[in-house]
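The values are calculated or read from the model by the stated rules, or taken from the named source; none is laboratory data. Remember, it's a predicted structure, so these values are computed and weren't measured experimentally. Methodologically, a virtual Cβ is constructed for each residue, glycine included, from the backbone with ideal geometry; neighbour enumeration extends over all protein chains shown.
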Amino acid sequence: MDSLIIEGGIPLHGDVEITGAKNAALPLMAAALLTARTFTLRNLPPLQDIQTMKRLLTHTGAQWHDGRTITIAAEKITNAEAPYDLVKTMRASSLVLGPLLARTGVAHVSLPGGCAIGARPLNLHLKALEAMGAEIAINEGYITAKANRLKGARITFDTITVTGTENIMMAATLADGVTVLENAAQEPEVSALAECLTRMGAKIDGAGTSRITITGVSELNGVDYTLIPDRIEAGTYLMAGAITGGEVTVRNVPPQFLQATLDKLTDAGCVITTTDHNITLKAPQRLHAMDMTTAPFPGFATDLQAQFMACMTVADGTSIIRETIFENRFMHVAELGRMGADITVDGHAAHIKGVPHLSGAPVMATDLRASACLVLAGLAAHGSTEIQRIYHLDRGYEHVEDKLCRLGAKIRRVKSSH
Ligand code: EPU
């Protein structure tokens, strides 16, 4: 397993080009299953999760041509299935459930197990499909969903769910009648999916608000769509500037994608300047401690919680970070502790007493965003940090060490043969 070695303590300076958003790409690739026509997606990030979704498309009988631009042709679905070996490596595989069911009348999708950050069940996806007339059975670890044609329904999500909203929105595009989604997720990735589906001929109103209305059509056309930039990647690099006392510009990301993060970093003493597509962060001598609570968009993203915590470990004062989306997303706390951070966890709240500096140590990545947090901590720490199990990081960050090197970081990957 590869690891990263970081020599910390260097303020980062420079520009980073932000690539296409993983969490927009995955539902969009699944949406290709809704049409027999050619579906072209541009600006695709070359990440492990994208490779997993390609394998899943192949499994269903769809064909694709590779590159940063992918062309998918799901002319015939020969196998409406998401098998366990793919779902277990990537939970977002469940995004094919809605499209396969709507297109073929049946879907056979492995249930994901628990995951490092929480239980993450699919009950809300299934309840919504049942409301649309699907018959759902769970046998031998698989969900089997059947419906000759789904019917429009009014669905209120008990909890805001991003992929749940996406799955049901996709299914509803080909349903008979009108579907109204209440308490829908408002993330930019949901809006991007709605925009792409609309270009394919779907009738969708209200994406980006908490009520989305979808009027079903009988079929969808092909499309040529360019992915939105990855706001979580952008937020991570901005915080790399913040924690090292540097100045970093992220290019090609609209500031409104990250407003809650920018506000919080400003409160912590950073100076943020923006244009339509670029954001520059200039860090203070030392960050001020700031409390933060995660929330669905437009709130502070849970996917940036761990990175913000890394920043707060070296801030002046004590901060409380509350995680409201996932029940177990503090796996990075113990690893930060190995680097000298002073953090205690009380249920869903972490109390962080800022220390003057962290010190390098060998640490272990436990999930994607926890890995990013450890990279930031390593960049700021005195001495050398080795981060093991960085395959988690490769699921969501393209060429992370190259991008950080261009900002002046001393970071290298050590390949391992096993
Ligand atoms: N939930 C349920 N039942 C459901 C669905 C969700 O109880 O049927 C709960 C979850 O357990 C969680 C909360 O609802 O406590 C919100 O989960 P959500 O469904 O919104 O998460 P997701 O759609 O599985 C996406 C992102 C995650 C991101 C979350 C929250 C993708 C592919 N994944 O997951 O991204 O953390 O939304 O914003 O879009 C990451 O990129 O590192 C990542 C984990």
Of residues in segment 357-415 being closer than 23 Å to ASP303 by Cβ and polar (S, T, N, Q), the one modelled with the highest pLDDT: THR385
Restricting attention to segment 114-144, which residues are farther than 13 Å from ILE168 by Cβ, within 13 Å of the ligand (Cβ to nearest atom) and in a loop (DSSP other than H, G, I, E, B)? GLY114, ALA116, ILE117, ALA119, ARG120, PRO121
Pick from MET1, MET90: which is within 16 Å of ASN167 (Cβ to Cβ) and modelled with pLDDT under 95? MET90
Sort out which residues of segment 255-308 are touching a Cys at 6+ places or on another chain (Cβ under 6 Å) and not in a loop (DSSP other than H, G, I, E, B), and write them in order of number. LEU281, ALA306, GLN307
Kindly establish whether ALA171 is within 16 Å of the ligand (Cβ to nearest atom), assigned to a helix (DSSP H, G or I), at pLDDT 95 or above and surrounded by 19 or more Cβ atoms within 10 Å (Cβ to Cβ). yes
The one condition in (1) at pLDDT below 95; (2) within 16 Å of the ligand (Cβ to nearest atom); (3) crowded, with 17+ Cβ neighbours inside 10 Å; (4) not hydrophobic (A, V, I, L, M, F, W, C) that ASN43 fails to fulfil: (2)
Determine which member of the set THR324, THR344, THR280, THR302 is at pLDDT 95 or above and in contact with a Phe, Trp or Tyr (Cβ under 9 Å, 6 or more places away or on another chain). THR302
Answer with yes or no whether SER110 is within 14 Å of the ligand (Cβ to nearest atom) and polar (S, T, N, Q). no
Being within 30 Å of ALA380 (Cβ to Cβ) and at pLDDT 95 or above is the requirement here; does ILE6 meet it? yes
Can you pull out every residue in segment 37-58 that is of a type in the set (S, T, N, Q) and in a strand (DSSP E or B)? THR38, THR40
Cross-chain or 6+ apart pairs with Cβ under 9 Å, segment 336-360 first and more than 21 Å from ILE411 (Cα to Cα), then surrounded by fewer than 20 Cβ atoms within 10 Å (Cβ to Cβ) and at pLDDT below 95: HIS348/GLU327
For ILE117, only one of the following conditions fails: (1) at pLDDT below 95; (2) crowded, with 17+ Cβ neighbours inside 10 Å; (3) in contact with a Pro (Cβ under 9 Å, 6 or more places away or on another chain). What is its number? (3)
Restricted to segment 278-301, and to residues that are farther than 25 Å from GLU247 by Cβ and touching a residue at least 40 places away in the same chain (Cβ under 8 Å), which residue is farthest from the ligand (Cβ to nearest atom)? PRO298
Here is a list of conditions, (1) near the ligand (Cβ under 9 Å from one of its atoms); (2) surrounded by 24 or more Cβ atoms within 10 Å (Cβ to Cβ), and ILE321 meets all of them except one; can you say which number that is? (1)
Can you find a residue that is within 16 Å of the ligand (Cβ to nearest atom), more than 20 Å from TYR391 (Cβ to Cβ) and either touching an Asp or Glu at 6+ places or on another chain (Cβ under 6 Å) or not aromatic (Phe, Trp, Tyr) (or both) anywhere in segment 58-67? no
Hey, among PHE326, PHE330, which residue is without any contact (Cβ under 8 Å) to a residue 40 or more places away in the chain, part of a loop (DSSP other than H, G, I, E, B) and not hydroxyl-bearing (Ser, Thr, Tyr)? PHE330
When segment 207-237 is examined, which residues are found to be in contact with a Ser or Thr (Cβ under 8 Å, 6 or more places away or on another chain), surrounded by 23 or more Cβ atoms within 10 Å (Cβ to Cβ) and of a type in the set (Gly, Ala, Ser)? ALA207, GLY235
Picking from GLU135, GLU140, the residue that is modelled with pLDDT of 95 or more and either of a type in the set (S, T, N, Q) or over 13 Å from LEU95 (Cβ atoms) (or both) would be GLU135
